[in-house]
Amino acid sequence: MSDTIILGILLEKYNNYKKVGNCIKLYYPYNGVKVNLYFDGYDKNYPSAFIILVANKSYYITSFNVDNFDEKNQYLDKIPDPILNLIKDEDNKLTSFYNEMRKRIKEDDFQDTSYSKDIVFNNTMQYNKNKKNGNPFFHHVRAVKMTSEHFKKLFYSMNISKEKLMKIQRAGFTIVTTNDLDKRKDFHGELSNKGILID
């Protein structure tokens, strides 16, 4: 199943529920890990997707770019070993994990929820409060040159192409993310306000 189809399925399911401030959520167990996938179209030009994995009182959150499911998500940055050991294949890759996720996205029902009321989301935000990773929402653009390390992180975690990230970088800006839902902003609108045209 191509990544374009995955994005199309997520958008279709989200549009069936679509309420302001809401998201859709898919939950399923995988090898002793509770998998929670969240998706929303808060910014219709750049939909947001992230997963929260829970096992052994550990919480792990990462955003991902659904346009390049295979290429971008074979490795989960800074994932705790107790969780990684439960989801990786014998060859230390995550092929089976992502194949199962594709299957679930296609076949399972999502639930309509809101971030503010979702217990797993709020527990994870508390668990990751002082960590640099795990900020799933766009906050603002800053007039500072984007480092190559941050470029790579954004490419893996946001639904933005390399070409668009390069335009932002060349314009002398970087992207700041947040885990605070109240500080979330519309990415496309913010770029337009700053005069950064990337379409």
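The values are calculated or read from the model by the stated rules, or taken from the named source; none is laboratory data. All figures in this text were calculated on a predicted structure; none of them were measured in a lab. Because the Cβ atoms are built from the backbone with ideal geometry, glycine has one as well, and the counts that use them run over all protein chains shown. Side chains are part of the model used for accessible areas, which takes the heavy atoms of the whole protein and leaves out ligands, DNA and RNA. Shrake-Rupley method; radii C 1.70, N 1.55, O 1.52, S 1.80 Å.
Candidates are the residues of the range 121-134 that are open to solvent by less than 40 Å² (accessible area, probe 1.4 Å) and of a type outside the set (Gly, Ala, Ser); the one that is modelled with the highest pLDDT is 121. For residue 126, indicate whether it is touching a residue at least 40 places away in the same chain (Cβ under 8 Å) and over 18 Å from residue 66 (Cβ atoms). Spelling it out, it is not the case that residue 126 is touching a residue at least 40 places away in the same chain (Cβ under 8 Å) and over 18 Å from residue 66 (Cβ atoms). Considered as a group, the residues in the range 166-186 that are of a type in the set (A, V, I, L, M) and surrounded by fewer than 20 Cβ atoms within 10 Å (Cβ to Cβ) include one that is farthest from residue 63 (Cα to Cα), and that residue is 171.
I need the full set of residues from the range 139-158 which are closer than 17 Å to residue 186 by Cα and either hydroxyl-bearing (Ser, Thr, Tyr) or touching a Phe, Trp or Tyr at 6+ places or on another chain (Cβ under 8 Å) (or both), in order please. Let's see the steps before the verdict.
Filtering the range 139-158 for residues closer than 17 Å to residue 186 by Cα gives 139-142, 154, 157-158.
Listed by number, the residues that qualify are 141, 142, 157, 158.
Flag: residue 177 matches the condition of being at negative phi, in contact with a His (Cβ under 9 Å, 6 or more places away or on another chain), outside any helix (DSSP H, G or I) and not small (Gly, Ala, Ser).
I'd like to check something: does the range 159-174 contain any residue that is part of a strand (DSSP E or B) and not basic (Lys, Arg)? Spell out the reasoning first.
To start, the set of residues in the range 159-174 that are part of a strand (DSSP E or B) comprises 174.
Going one step further and asking which of them are not basic (Lys, Arg), we end up with 174.
Taking every residue of the range 159-174 in turn, at least one turns out to be part of a strand (DSSP E or B) and not basic (Lys, Arg).
Using the structure shown, decide if residue 161 is of a type in the set (Gly, Ala, Ser) and either in contact with a Phe, Trp or Tyr (Cβ under 9 Å, 6 or more places away or on another chain) or more than 23 Å from residue 27 (Cα to Cα) (or both). It would help to see each step written out before you state the result.
On the way: of a type in the set (Gly, Ala, Ser): yes; either in contact with a Phe, Trp or Tyr (Cβ under 9 Å, 6 or more places away or on another chain) or more than 23 Å from residue 27 (Cα to Cα) (or both): yes.
Yes: the conditions hold for residue 161.
Determine whether the range 64-75 contains at least one residue that is in a helix (DSSP H, G or I) and at pLDDT 90 or above. No - not one qualifying residue is present in the range 64-75.
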